[in-house]
Amino acid sequence: MSKMNKFFILIALILLTLNAAYAASFDVKVTAIKDRIVVDELAEFDIAIQNNLETEEEFTIKKAGYPFWDMYTKPLQNPITLKVPASSSASIRLFVDPLYITSVDTYTLDIGVVRERANQEQKVPVTVGIKSTEPLIGGYIPTIVTSTSIFPEKIDPREELTIKIVLNNQNPINYSNLTIKIEGNLFKDETHTPLGPKEEKSIEVVKKLDAITPPQEDRLVIAVFKDGRMVVNPIVNEFEVVEYVALEELQKQESFLKVKSGIKVMSNNPSYKGVATMEVSPFKALFTSTQPRASTKREGDNYHLVWNIELGKDKTMTVYATENYRPIVVIFVLAIAGVVLYFLFRSPIIARKGISNVLTSEGGVSEAKVVIRVKNRSANKITNIEVMDNLPHIAHVEKELSIGSMQPHAVLQHPKKGMIIKWTIETLEPGDERVLSYRMKSRLAILGEFTLPAANARCKVGNKVVITNSNRVSVGG
C-alpha cells in the first residue's frame, strides 16, 4: 500500500470519527400531533431536542418546502430557536401550513436542526398527509383579509348606524358572488358583492334602528361566505345604544282669545324621570291652565311651568298650557250689561233721609229735625210722587213751618208702625229736588242710639209703579 493511500484512509477515518462525535452531541425526535389535514388546515408537530453536552446549547430550526409550505411557531419566532440546558431536553411546537398544495397526497419535508455553536446540522423528516383539497378555489386556499368597523360606536337610535367592511383578496381568485352576513340582537342583514383577483373593496351597510330602541349594548357578528361556505371567520364588533331625551314644541292651537301650547317629551328609556318647563309671564300665569297639572317656579321676573315627566307605553308624554282670556271678556261684557241694565231699570227718583238740629235733655235726645230729599234723576218730568215716612211710637211729630220746605199733607197714627207722615209732590222736573222735613219730639229723653226707618217715594212711570227707599238714619249714641 502506497503512502498516499494510507493518507486518504487516515483522513476518512478522522472524518467518520468527527461525524460520529457531532451526531452524538444532540438527538432530535419528531412527534406528530396532527399530520393528516385538509388543505386549509395546519399540521402540528412537536420537535424535541436532547442536548448530550455538558454545556447549554442553542439550536435553530430551519424551515423547509417554501414557497409551497410555511412553518412557524406560536407566538411567532423568526428565526425559530430553542435553548436546551446541558444534558437536558426541550421541545417546541411547529405548525406546518400548506400554501400552494393542490393534490391529495403524502408529503415529506426535511427540516434542519442546527447547533449554533458548532454549526452542526441534523436533517429530520416531517410527513404531512393531505386528505382533502375541497377548500381550494381555483387551486388556491381562499385568503381574504377582512377588517370591519362600526360608527358611531355609541349611537342615538334616531341616527343611522354605518357598518364598514373592507375586503382584500390576497389570491388571483375571482369571486363572482360573496355573501356578507351581519347578525346582532337588534337586526340581521345580508349583502352580496363580487370580488375580483387581488382586489380590495370597501362596503358600507347603513342601518336605521327603531327610534325607541332602549339603551343597551350589542355585538355584531360579521362573516363572509362563498356558496354557503365560510371563507372569512366571524369578526365581532361591539356598539352601544345610548339614552336620549327629546323635547318637541307642538304647533300652537289658536282660537278667539285662547292659545294652547304643548310640549312632547320623547325618550328611548322607558324609566326616564325628568321635567319639562315652559316660560310664562306673571300676567299670563293668571290666565293659564295646564294639563296635566304643573307646578309654578319663579325665576327673576318670570315664571316657569314645571311638569314631572313619566313616560307612557309609547315612551312619550305630552303636556299642555292653555292661555284663556275669554273669562275677562265675559266679565267685562257682564259688567257693561249690568251698568246698562242698571241705568235702564233703576228708579228715576232718589230719596235721601237725614237728621239735623238734634236737641238733648237729661242726657238723652229729646227733639230732632228729619229731612227727606227727593230728586228726579231721569230725563223726564215725573208727576204725582207720593212720599211716606213713619216714626216709632216713642216720638211724635211737631208742627213746624219752614221756609222752602213742604209740609206733610197727612200725619196718621198706625197701631203697629207708629206715626205715618205723607207728602204728595205734584210735579218734579228733570234734575229738580224737593226737600221735605218735619220735627220729631220724644215724650221721654232717648238714651243711647236709635235708628229711624227708611222713607219711601212712590210714583208711576208709564204703566209701571216705581218705589224708591231712602237710607236709614241713626239718632243719638
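Readers should treat all values here as calculations from the given coordinates under stated rules, not as data from a laboratory. Nothing here was measured: the structure is a model prediction, and the numbers come from that model. Reconstructed Cβ throughout: ideal geometry from the backbone, glycine too, with neighbour counts over all protein chains shown.
Some observations on this one:
- For the stretch 247-341, convex hull volume per residue from C-alpha positions, Å³: 111 Å³
- DSSP bridge orientation in the chain - percent antiparallel, rounded to nearest 5: 95 percent
- Sorted peptide list for 42-52, 149-159, criterion being average Cβ within 10 angstrom, highest first: 42-52, 149-159
- Net charge of the neighbourhood of residue 325, taken over other residues with C-beta under 15 Å away and scored Lys/Arg +1, Asp/Glu -1, is +3.
- Of all lysines in the structure, the ones whose alpha carbon falls short of 21 Å from that of residue 258, not counting any fewer than 8 places away in one chain, are 284.
- Residue-averaged 222 nm ellipticity for the chain, from DSSP H runs of 4+ at -39500 (n - 2.57), nearest 500: -3500 deg cm²/dmol
- Placing +1 on each Lys and Arg Cβ and -1 on each Asp and Glu Cβ, with no other charges, gives the chain a dipole about its Cα centre of roughly 4140 debye.
- Contact order normalised by residue count of the stretch 144-241, Cα under 8 Å, 6+ apart, percent: 34 percent
- Between the C-alpha center of the stretch 139-218 and that of the stretch 276-312 there is a gap of 49 Å.
- Neighbour-count order for 382, 203, fewest beta carbons within 10 angstrom listed first: 203, 382
- Normalised by the number of residues in the stretch 335-477, the mean separation of alpha-carbon contacts (under 8 Å, six or more apart) gives a relative contact order of 31 percent.
- Radius of gyration and maximum dimension Dmax of the stretch 335-477, Cα, Å: 16.6, 54
- Tilt relative to the chain, helix 3-25 - C-alpha long axis, 0 to 90 degrees, to 10: 30 degrees
- Structure-derived volume of the Cα convex hull per residue in Å³ - corresponding label in (1) 372; (2) 161; (3) 136: (1)
- Across the stretch 283-387, the mean sequence separation of Cα contacts (distance under 8 Å, 6 or more residues apart), normalised by length, yields a relative contact order of 18 percent.
- Once backbone amide H atoms are built at 1.01 Å from N, residue 129 has 36, 37, 107 as its partners under 5 Å, excluding neighbours fewer than 5 places away on the same chain.
- Segment residue 201..residue 106, full-extension length gain: 30.5 nm, with 0.36 nm per residue of separation and the alpha-carbon distance subtracted.
- Distances between placed amide hydrogens fall under 5 Å for residue 274 paired with 309, all partners being 5 or more residues away or on another chain.
- Here the 3J(HN,Hα) profile of the stretch 280-297, calculated from phi with Karplus coefficients 6.51, -1.76 and 1.60 at θ = phi - 60°, is 8, 6, x, 5, 5, 4, 5, 10, 10, 10, 10, 8, x, 4, 10, 8, 10, 10 Hz, Gly and Pro shown as x.
- Annotation note: chymotrypsin sites (Phe, Trp or Tyr not before Pro) in the stretch 206-305 located in DSSP loop regions with a Cβ neighbour count of at most 10 within 10 Å are 256.
- In Hz, Karplus ³J(HN,Hα) per residue of the stretch 156-167 (6.51, -1.76, 1.60; θ = phi - 60°; x = Gly, Pro): 7, x, 7, 9, 8, 9, 10, 10, 9, 10, 10, 10
- Phi-based couplings in Hz for the stretch 431-446 (Karplus 6.51, -1.76, 1.60; Gly and Pro marked x): x, 6, 9, 10, 10, 10, 8, 7, 9, 9, 9, 8, 5, 10, 4, 8
- Distant-in-sequence amide H partners of residue 53 (H built 1.01 Å from N, under 5 Å): 87
- Cβ-based charge dipole, the chain, positive-most Cα from 108, 308, 452: 452
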